[in-house]
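**Q** Submitted below is the structure of interest, expressed as structure tokens.
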Amino acid sequence: MRNNMTENTEKKQKVVTRFAPSPTGFMHVGNVRTALYAWLLARKYNGTFILRIEDTDKKREVEGSLEHILKSLKWLGIEWDEGPDIGGPNAPYIQSQRLDIYKKYANNLIEKGLAYADDTTEEELDVFRKKAEEDKIAFLFRDHRPENPPTWDGSQSLRFKVPKLKRYTWTDAVWGELSAGPEALDDFILIKSDGYPTYNFAHIIDDILMGVTHVMRGQEFIASTPKYLSVYEALGMTPPIYATTPPIMGEGGNKKLGKRDGAKDVLEYVKEGYLPETMMNFLALLGWNPGGEKEVFTKDDLISLFSLEKMQRSGAQFGDDKLDWLNKEHMKMMSEDVRNAEIHKWLLKNPEISKFEKLNDEKLMPKIYPIIFDHISKWSDIDTMVGAGELSYYFQSPQLDKEKLVWKDGNITDTVKHLKWVIDTLQNAPENNFSSPDAIKSLIFDYATENGRGQVLWPTRFALSGKEKSPDPFTLIYILGKEESTARLANAVKTLS
RNA sequence: GGCCUUAUCGUCUAUCGGUUAGGACACAUCCUUCUCAAGGAUGGAAGCGGAGUUCGACUCUCCGUAAGGUCACCA
């Protein structure tokens with residue numbers, strides 16, 4: 001109900017959204033989700049998605065941030081139609097290269113008498129602020145508006161002069177009708193004394209010039225919206241539709257997730273071996289839900305299902321419990337070839353495994369990939385498996401612990417007897433009995449049942465893997481083959497004698 | 001302190017006045033099993049509190065409470 005109007009607008013005019021990060025470090029999940037929503041909205045309506053860099057605070061700028069931002073978005077599969085690297089009809093897309101433009105609009109406001117130079121020092125401002133705090137009221141510069149401001153020569157800051165103090169009401173596509181009284185309006189800085197515009201001014205000019213129709217942003221901007229609206233009014237322009245995303249909270253759920261609170265760099269998830277599809281799916285669902293019981297969505301699903309009115313308003317905790325599960329779901333959707341290639345890549349990356357020549361064995365490896373896949377939910381789990389010694393036994397004969405070869409209440413004599421039986425059986429079995437784990441199982445299982453499965457199967461499996469935890473003995477024999485399996489079993493017999 | 005918001009299982013959420021309040025993750029138990037994982041089955045688990053409105057409220061209104069945001073020459 002609350003969005004009938006905005007939905008109609010979306011259909012009539014071309015949707016233009018933007019993501020406008022400032023290059024002050026890495027991208028965390030909160031940043032990325034905002035980008036994702038803006039991108040989804042643009043894609044859903046065949047609109048335009050713009051990437052714009054808001055680098056107006058030179059002090060906070062962190063080198064390499066731009067590359068990091070581009071890399072993060074690309075990894076996720078969020079591609080932009082206009083941006084700093086590819087240009088576009090409204091280039092440049094880096095605010096520090098648009099200073100003349102802001103100056104032009106600033107002068108326009110000065111001419112209208114809606115902006116004035118201000119040379120109040122930081123110390124003076126601090127005094128004002130402190131006073132306001134003591135009086136327990138919000139600090140407003142307009143209460144201290146100088147009577148005879150100097151002429152603006154670029155060395156002072158330039159302040160907006162609030163044209164009229166009134167209550168502003170606007171419709172947020174997510175939160176519905178919002179409003180704030182005159183106390184939200186102030187003479188804020190348009191251009192800083194260093195010549196750079198503030199976010200508050202620059203983003204408005206850019207959004208107008210770039211034709212942005214929907215502004216996706218975090219709720220920290222709600223409080224300053226009346227300021228923006230008063231500027232749009234002063235410029236004689238129509239503001240865009242605001243769509244406010246809910247906050248993402250940190251662990252415990254009582255604090256907005258920010259870089260200082262341990263928010264993680266999205267590229268960390270690349271290192272941990274999560275799929276970009278997973279991340280997109282997960283982030284989309286953190287604060288938005290199409291309704292219904294489906295949870296696993298592809299990129300295309302998300303684009304077609306996305307809608308602003310299904311967006312959540314309350315904050316969501318970022319907990320990655322569900323991430324592993326979701327990643328596995330997306331891994332299941334991959335083609336087997338791609339999946340195997342990826343597993344192989346991670347094996348090669350691991351120094352403990354990459355040394356094995358058998359990694360290139362084209363008969364052996366296809367048998368191993370599915371087993372590995374069964375046991376992981378993200379690629380880095382492969383490293384965990386290697387670390388736990390759960391992989392090397394495919395490539396080399398294990399070290400055997402004599403004590404562990406014997407099942408619970410078994411004895412050495414019987415264990416040796418069983419192992420010899422298995423060796424014998426395998427050696428006499430025709431080749432086609434090694435074509436699947438099930439075929440091997442049929443050779444051994446009845447004997448195991450008669451003599452106590454644990455008594456037979458445990459030593460067999462242990463002889464093959466040397467590990468208390470490993471796939472079942474039939475699978476191991478299948479993977480290792482007749483020759484290697486019998487050799488390892490014989491080695492176990494030798495160890496016991 | 002002013003202003004603006006938010007509030008359903010531990011977590012992410014469904015419900016748009018009438019449901020035994022649904023699902024997923026996580027957890028527990030059982031089955032399958034020599035072990036681990038996977039798989040199957042089952043289970044525990046929620047409407048912040050208080051007033052209204054209504055035949056009926058998780059849903060609407062108000063008051064509390066708690067939480068978040070904001071009050072920068074940061075975005």
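**Q** On a straight-distance basis, which aspartates and glutamates could pair with A:Lys322 in a cross-link, Cα separation under 13 angstrom, same-chain partners fewer than 8 positions away excluded?
**A** Of all the aspartates and glutamates, those that pass the test against A:Lys322 - Cα under 13 Å, at least 8 places apart if same chain - are A:Glu295.
**Q** Another one. What is the set of long-range amide H partners of A:Val174 at a cut-off below 5 Å, with H atoms built 1.01 Å from backbone N?
**A** A:Thr244
**Q** Expressed as an acute angle from 0 to 90° and rounded to the nearest 10, what is the orientation of the C-alpha long axis of helix A:65-76 relative to the principal long axis of chain A?
**A** The angle comes out near 50 degrees.
**Q** Roughly how many debye, to the nearest 20, is the charge dipole of chain A about its Cα centre, given +1 on each Lys and Arg Cβ, -1 on each Asp and Glu Cβ, and no other charges? Before the final figure, lay out each step's value.
**A** Details: 66 positive and 75 negative charges, 99 e Å.
The dipole magnitude comes to about 480 debye.
**Q** Oh, and also: Can you bin the stretch A:15-54 into rounded, prolate or oblate? Criterion: square roots of the alpha carbon gyration tensor eigenvalues sorted a ≥ b ≥ c, rounded for a/c under 1.5, prolate for a/b above b/c, oblate for the rest.
**A** Since a/c reaches 1.5 but b/c is at least a/b, the shape of the stretch A:15-54 is classed as oblate.
**Q** How far, in degrees from 0 to 90, does helix A:199-209 lean away from the longest principal axis of the Cα atoms of chain A, to the nearest 10?
**A** The angle comes out near 90 degrees.
**Q** To continue, here is another question. Tell me the mean residue ellipticity at 222 nm calculated for chain A from its helices only (DSSP H runs of n ≥ 4, each -39500 (n - 2.57), averaged over every residue, nearest 500).
**A** -14000 deg cm²/dmol
**Q** To continue, here is another question. In whole angstrom, how far apart do the alpha carbon centroids of the stretch A:122-193 and the stretch A:214-229 sit?
**A** 15 Å
**Q** Select from the stretch A:395-497 those trypsin sites (Lys or Arg not before Pro) which occupy a DSSP coil region and have at most 12 other Cβ atoms within 10 Å, ordered by residue number.
**A** Listed in order of number, the matching sites are A:Lys408, A:Lys469.
**Q** Also: Enter the angle in degrees (range 0 to 90, nearest 10) between the Cα long axis of helix A:29-44 and the first principal axis of the Cα atoms of chain A, meaning the one along which they spread out most.
**A** So the helix axis and the longest Cα principal axis differ by about 80 degrees.
**Q** Then there's this: Quick check: from the Cα gyration tensor, does the stretch A:53-185 come out rounded (a/c under 1.5), prolate or oblate? Show your work: numbers first, answer last.
**A** Details: a/c = 1.85, a/b = 1.54, b/c = 1.20.
Prolate, since a/c reaches 1.5 and a/b exceeds b/c.
**Q** Fewest to most neighbouring Cβ within 10 Å: what's the order for A:Trp75, A:Trp458? If you can, show how the numbers build up before the last one.
**A** Values: A:Trp75 17, A:Trp458 22.
If I rank by nearby Cβ atoms, fewest first, I get A:Trp75, A:Trp458.
**Q** Further, regarding this structure: So who's got an amide H within less than 5 Å of the one on A:Gln317, skipping anything under 5 residues away but keeping other chains? H placed 1.01 Å off N, in plane.
**A** Distant-sequence amide H within range of A:Gln317: A:Met249.
**Q** With the cut-off at 28 Å, tell me which of the pairs A:Lys58/A:Lys161; A:Lys264/A:Lys332; A:Lys404/A:Lys482; A:Lys71/A:Lys104 have Cα atoms farther apart than that. Show your work: numbers first, answer last.
**A** Values: A:Lys58/A:Lys161 25 Å; A:Lys264/A:Lys332 26 Å; A:Lys404/A:Lys482 23 Å; A:Lys71/A:Lys104 34 Å.
From the list (A:Lys58/A:Lys161; A:Lys264/A:Lys332; A:Lys404/A:Lys482; A:Lys71/A:Lys104), the Cα-Cα distance tops 28 Å for A:Lys71/A:Lys104.
**Q** For the stretch A:289-373, just say rounded, prolate or oblate: build the C-alpha gyration tensor, square-root its eigenvalues into a ≥ b ≥ c, call rounded for a/c under 1.5, and beyond that prolate if a/b exceeds b/c, oblate if not.
**A** Prolate is the answer for the stretch A:289-373, as a/c is 1.5 or above and a/b outweighs b/c.
**Q** Here is a follow-up. Could you give me the ³J(HN,Hα) list for the stretch A:378-395, computed from phi with Karplus coefficients 6.51, -1.76, 1.60 and θ = phi - 60°, whole Hz, x at Gly and Pro?
**A** After applying 6.51 cos²θ - 1.76 cosθ + 1.60, I find 8, 4, 5, 4, 4, 5, 4, 4, 4, x, 8, x, 8, 10, 4, 5, 6, 10 Hz.
**Q** What does the highest-first list of A:364-370, A:66-72 look like by mean Cβ count within 10 Å?
**A** A:66-72, A:364-370
**Q** Moving to a separate point now. Rounded to the nearest 5, what % of the DSSP beta bridges within chain A are antiparallel ones?
**A** 50 percent
**Q** Between the stretch A:71-119 and the stretch A:284-318, how many Å separate their Cα centres?
**A** 31 Å
**Q** Whole angstrom only: what separates the Cα centroid of the stretch A:12-40 from the Cα centroid of the stretch A:409-458?
**A** Cα centroid of the stretch A:12-40 versus Cα centroid of the stretch A:409-458: 60 Å apart.
Only the coordinates and a few stated rules stand behind these numbers; no lab work does. This one's a predicted model, so the numbers in the text were calculated from it and none came from an experiment. Because the Cβ atoms are built from the backbone with ideal geometry, glycine has one as well, and the counts that use them run over all protein chains shown.
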